[in-house]
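Structure incoming, see below.
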C-alpha cells in the first residue's frame, strides 16, 4: 500500500516550491482550460520534469461540431455545468491552439489525439451527422477535428 507524502492545495505556480527535475510525468487532465494563464503552468511544469519526462493533458475542443452548430445555426453560446462549455472554463482551445501553446512554451509534441468522439446521439439528428460527414468529405477532411470533444496531448521538453 502506498501513501501520499504531501498534499498541496492551491495554485500550480513556483510558490508551491516543488523540486526541479523530479517528475517523470505531470498530468493536466481537464485542468489547463480552468487557468487564467495556462502557459505559465506549462512553463513551470517544464522545469519540474526529469530527463525524459512528459506532460500528459486532456483539453476540451471548442471547435467540436455540436458547439459550432449551436453557435452558427442557433446563435447560442450557453454555458453549462459540465462539458466543453463548462461555466468554470476560463480559456477555450482548438487543436491548432493547443499545438501552438505547447510549442511556444518549449515542448515537442509526441501526440495530439482526438478523444471523446461525438456520438450519433450528440448530434441533433442522424441527418445532421450525415451532413457533417458529407461536408467534411467535400472539404477533404478539413473538419476532422470537429468530431472530437477533447484532445489528449503527450509532450516533452524540446531539445
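Does residue 13 qualify as being closer than 22 Å to residue 99 by Cβ, at pLDDT below 95 and in contact with a helix residue (DSSP H, G or I) (Cβ under 7 Å, 6 or more places away or on another chain)?
no
Filtering the range 19-39 down to residues that are closer than 20 Å to residue 50 by Cα and out of contact with any strand residue (DSSP E or B) (no Cβ under 7 Å at 6 or more places or on another chain), which residue is surrounded by the most Cβ atoms within 10 Å (Cβ to Cβ)?
The qualifying residue surrounded by the most Cβ atoms within 10 Å (Cβ to Cβ) is 39.
To continue, here is another question. Exactly one condition in (1) buried (at least 16 other Cβ atoms within 10 Å of the Cβ); (2) outside any strand (DSSP E or B) is not met by residue 7; state its number.
(1)
Looking at the range 57-90 only, could you name the residues that are within 24 Å of residue 43 (Cα to Cα) and part of a loop (DSSP other than H, G, I, E, B)?
Applying the first criterion (within 24 Å of residue 43 (Cα to Cα)) to the range 57-90 yields 57-62, 88-90.
Scanning the range 57-90 gives 61, 62, 88, 89, 90.
Conditions tested, residue by residue: (1) over 25 Å from residue 84 (Cα atoms); (2) in contact with a helix residue (DSSP H, G or I) (Cβ under 7 Å, 6 or more places away or on another chain); (3) part of a helix (DSSP H, G or I).
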site: 19; (1), (2), (3): yes, no, no
site: 24; (1), (2), (3): yes, no, no
site: 33; (1), (2), (3): no, no, yes
site: 36; (1), (2), (3): no, no, no
site: 40; (1), (2), (3): no, no, yes
site: 44; (1), (2), (3): yes, yes, yes
site: 52; (1), (2), (3): yes, no, no
site: 55; (1), (2), (3): no, yes, no
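If you check 102, 93, which single one turns out to be in a loop (DSSP other than H, G, I, E, B), under 14 Å from the mean Cα position of the chain (by Cα), touching a residue at least 24 places away in the same chain (Cβ under 8 Å) and at negative phi?
Going through 102, 93 in turn, the sole match is 93.
A further question follows. Collect the residues in the range 107-139 that are farther than 27 Å from residue 30 by Cα and at pLDDT below 75, keeping them in residue-number order. It would help to see each step written out before you state the result.
Kept after step one, since they are farther than 27 Å from residue 30 by Cα, are these residues of the range 107-139: 125-128, 130-131, 133-139.
Passing the criteria: 125, 127, 128.
Ok, one more. Only one of these is within 28 Å of residue 131 (Cα to Cα) and modelled with pLDDT of 95 or more: 57, 45, 75. Name it.
From the options 57, 45, 75, the qualifying one is 75.
I would also like to ask the following. For the range 102-116, what are the residues that are touching a helix residue (DSSP H, G or I) at 6+ places or on another chain (Cβ under 8 Å) and surrounded by 12 or more Cβ atoms within 10 Å (Cβ to Cβ)?
The answer is 102, 105, 106, 107, 109, 112, 114.
The values are calculated or read from the model by the stated rules, or taken from the named source; none is laboratory data. From a predicted model like this one, the values you see are computed outputs, not experimental measurements. Every residue, glycine among them, receives a Cβ derived from its backbone with ideal geometry; neighbour counts consider all protein chains shown.
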